[in-house]
Amino acid sequence: MNNAVTDNFIEVAGLCKIYRTGGEDVHALDNVSLSVRRGEFLSIVGPSGCGKSTLLYVLGGLTTPSSGSVSIGGEEICNLSDASISHLRGVLTGFVFQRFNLLPTLTIYENIALAQKIRGTGVQRKEHIGEMLERVGLGGKKGRRPAELSMGEQQRAAIARAVVHRPAILLADEPTGNLDSANSEAIITLFSEMHRELRQTILLVTHNSDVARSAERIVQMRDGRIVHGPQSIVHSK
Amino acid sequence: MTSLVWANVRHRKTRSLLCVVAVGIGIALLLVLTGLCRGMIAESAQRMRNTGASIIVQPRGASGLLAFKGSSLPVKYGAELQQIPGVMAACPVLTWTTTIEKVIYVIYGVDLKSYEAVGGRLQLVEGRPWRDAHELLLDTRLAHANGYRVGDGIPLLGARFTVAGIFKSGVGARVYVPIGTLQTSLHLEGMCSLFFLKTKAGGEHTVKDIAAHIERQFPALRANALDRYEDVMVNEVTGLNEFFGVITSTALVISFLVILLTMYTTIIERTREIGILRSLGATKTYIIRMVIKESVLLCALGVIAGSAFTMLVRVWIAISHPLLTMEVTPAGFLRAAALGVAGGILGALYPGFRAASVDPVEALSYE
């Protein structure tokens, strides 16, 4: 996969997502358009409920939009079959969540190995698990279950799971939302290092302006819309 | 997936244990009840075969189990039966059902010489053949179960009989009395319930031919080869096959309901986990397969537990109820295993499809 920063890798056009809650339509996304270059590190900021997480979930194929289009690498993803969209979620993207979302019954190593199996990369990438755990500083804790780790360690394990298969896109939804400032800084440093090393396209949702500034570009959302335009706030690193 | 399935079963120990026990009870219920029925019938049929006779002749419509008094036959038919080509000997037997120590037994009234002529040789391990009208012979299992010894008295048919001898179990009935005594007690002089026939081995007439000949010559009689008498017994016990069907269905339904309830509650409990798996790229099919795998694992453990429990019951029955026979064959275990797993798969289908249809985003925000 060519990770050079040369073209628009993700194209979002006229994206709408309407939820029906309590008999009323809620416009989580309202005519959102956005372009992201391959290898770009983008922060999406905005207040709670502005639609930034919904945008991330649509881009990751976790939910389908009510209207509009999303193409990744030139391929429209909104009308894919369950198998194809699952493949996209598993292989092309990696998710990091605010609540870590590690499976509590499995060890850290098993969590990552299971993800590899689901992605179908279990056999050829098994040796990468140990390396990745070393990379995130959890080499000596691979036999621990999530409940036996600190929150910062759990998030590092979740990042290892998300990037062990070298996905083209890393989607992070408030990855520091449950962490103290020291752990937040460590996680953001990890993101920046991985972006430098792997040249992945990173979309990071946050309401923390300090965290957002670690990205190359910042997009601000409010009430389901991009309020300052996709190129409006550009952080110079 | 396998590690996750194992981990889920191990992690939720109480739920898994209850599920395994419930499925195991269904399997044990199936194996013990059908095993007892089949065992008792098979043992009765085996004892009939062990008489050494080739054919049993009864009035048409008489019970195959001999547990109930059928229409009686005149003993004089024996002479006519012996004239049929291929028949070597005929022995009249008067059967009667009675209770000894509150347990129901079928007793045979025979003439020992005539009985031996058709192959019914009772191998005495203690005592001697009867010499008196009110003496009887018991088999070892009945004697052992009730602690009877030679010389003991047993109240029977309104009289007191003395145990003259104890024979090795496995031939015909468990209790033998002189046929004349039984006829007199029942006011059935000159009558019997059935005839055992001995046919000439390797002769020009097969057992099947001879049985057909008897039925042609005596339309009021039916003749069955003893080597297929087990089938006759099973078919003639009203509702036995239906009983097996009900027990089998009950085990299937228990397995189905237990798994349905277990997996349904598990799916609700693990909604967030399903969302995580979907975010990692798991397809709907993967989720369904995961649910089914877990239920099959629980059912397999239930089958193992049920089989082990069945073996314990079998040992307990052999010790505490030596007159009962429980037949549990490898085929029976396989049938029960297939049934348990089938119930598990059926029970997992609805929870599986429900889990697969969960919206990943909603699942990820599930508390």
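Each residue, A:SER181 and B:GLU215, gets one label point 7 Å from its Cα in the Cβ direction; the gap between the two is 9.9 nm. From the alpha carbon centroid of the range B:282-328 to that of the range A:104-166 is 36 Å. The packing ranking, built from the mean of other Cβ atoms within 10 Å per residue, places the peptides B:34-46, A:18-30, A:75-87, A:156-168 in the order A:156-168, B:34-46, A:75-87, A:18-30, highest first.
Considering only protein heavy atoms and a 1.4 Å probe, what is the carbon-and-sulfur percentage of the accessible area of the range A:97-156? Carbon plus sulfur share of accessible area: 49 percent. At a probe radius of 1.4 angstrom, the accessible area of the range A:1-157 per residue rounds to 42 square angstrom. Obtain the nm distance between the two label points defined at A:ASP210 and B:LEU240 by a simple spin-label model: each point lies 7 Å from its Cα along the Cα-to-C-beta direction. It is 8.4 nm. Set the Förster radius R0 to 35 Å, insert the Cβ-Cβ distance between B:ALA201 and B:ARG60 as r into 1/(1 + (r/R0)^6), and round the FRET efficiency to 0.05. The pair B:ALA201/B:ARG60 has a calculated efficiency of 0.80. Counting only whole DSSP H helices of chain B, the ones at least 27 Å long by C-alpha along their axis and with mean Kyte-Doolittle hydropathy no lower than 0.0 are B:13-49, B:240-269, B:284-320, B:330-356. Beta bridges from DSSP with both residues in the range B:100-224: antiparallel share about 55 percent, rounded to the nearest 5. Give me, ordered by chain and number, the residues 5 or more places off B:ILE100 or on other chains with an amide H under 5 Å from its own placed amide H. Residues meeting the criterion, in which the H sits 1.01 Å from N, are B:TYR105.
Given R₀ = 56 Å, what would the calculated FRET efficiency be for B:ALA318 paired with A:ILE18, taking r from the Cβ atoms and rounding to 0.05? The pair B:ALA318/A:ILE18 has a calculated efficiency of 0.20. For the range B:264-367, the solvent-accessible area works out to 44 Å² per residue, with a probe of 1.4 Å and every protein chain left in place. Comparing the full protein assembly with the isolated chain, the residues of the range B:332-367 losing at least 40 square angstrom of accessible surface (1.4 Å probe) are B:VAL361, B:LEU364. Net charge in the neighbourhood of B:SER279 (other residues with Cβ under 11 Å of its Cβ; Lys, Arg +1, Asp, Glu -1) is +2. Using a 1.4 angstrom probe on protein heavy atoms only, the contact between A and B buries about 2200 square angstrom of accessible area, both sides summed.
Think of it as helices only: each DSSP H run of n ≥ 4 in chain A is worth -39500 (n - 2.57), and spread over all residues that comes to -9000 deg cm²/dmol at 222 nm.
Comparing the full protein assembly with the isolated chain (1.4 Å probe, heavy atoms, ligands and nucleic acids excluded), the residues of the range A:66-104 losing at least 50 square angstrom of accessible area are A:ASP82, A:ARG89, A:ARG99, A:ASN101, A:LEU103.
Between A:SER84 and B:VAL21, the FRET efficiency from the beta-carbon distance, with R0 = 41 Å, is close to 0.45. Pairs with C-alpha atoms separated by more than 20 Å, drawn from the list A:LYS52/B:LYS284; A:LYS142/B:LYS284; B:LYS76/B:LYS208; B:LYS76/B:LYS198; B:LYS113/B:LYS198, are A:LYS52/B:LYS284; A:LYS142/B:LYS284; B:LYS76/B:LYS208. Dividing the summed -39500 (n - 2.57) terms of all DSSP H runs of n ≥ 4 by the residue count of chain B sets its mean residue ellipticity at 222 nm at -18000 deg cm²/dmol. For the range B:1-146, the carbon plus sulfur part of the accessible surface works out to 57%, probe radius 1.4 Å. Each of B:GLN123 and B:GLN46 was given a label point 7 Å from its Cα along the Cα-to-Cβ line. The distance between the two points is 1.4 nm. At a threshold of 30 Å², the residues of the range B:279-312 that become less accessible to a 1.4 Å probe in the full protein assembly than in their chain on its own are B:SER279, B:LEU280, B:GLY281, B:THR283, B:TYR286. Shielding of peptide A:107-114 by partners, expressed as the average count of other chain Cβ atoms within 10 Å per residue Cβ, is 2. Measuring nothing but protein heavy atoms, the accessible surface of the range B:224-367 at 1.4 Å probe radius is 70 percent carbon and sulfur. Near the amide H of A:VAL26, within less than 5 Å, lie the amide hydrogens of A:TYR19, A:ARG20, A:THR21, all on another chain or at least 5 residues away, with H placed in the peptide plane. Of the chymotrypsin sites (Phe, Trp or Tyr not before Pro) found in the range A:63-154, not one falls in a DSSP loop while having at most 11 other beta-carbon atoms within 10 Å.
Taking all protein chains into account, the per residue accessible area for the range B:120-235 stands at 47 Å² (1.4 Å probe). Close amide H partners of A:ASN31, meaning residues 5 or more places away or on another chain with modelled amide H under 5 Å apart, are A:LEU15, A:CYS16, A:LYS17. Summing +1 for each Lys or Arg and -1 for each Asp or Glu among the other residues whose beta-carbon sits under 12 angstrom from that of B:ARG121 gives +2.
The values are calculated or read from the model by the stated rules, or taken from the named source; none is laboratory data. The structure displayed is predicted, hence computed values, not measured ones. When we count neighbours, we look across all protein chains shown, and the Cβ atoms used for this are built from the backbone with ideal geometry, even at glycine. Quick note on the areas: whole protein, heavy atoms, side chains included, nothing else; ligands and nucleic acids left out. Shrake-Rupley method; radii C 1.70, N 1.55, O 1.52, S 1.80 Å.
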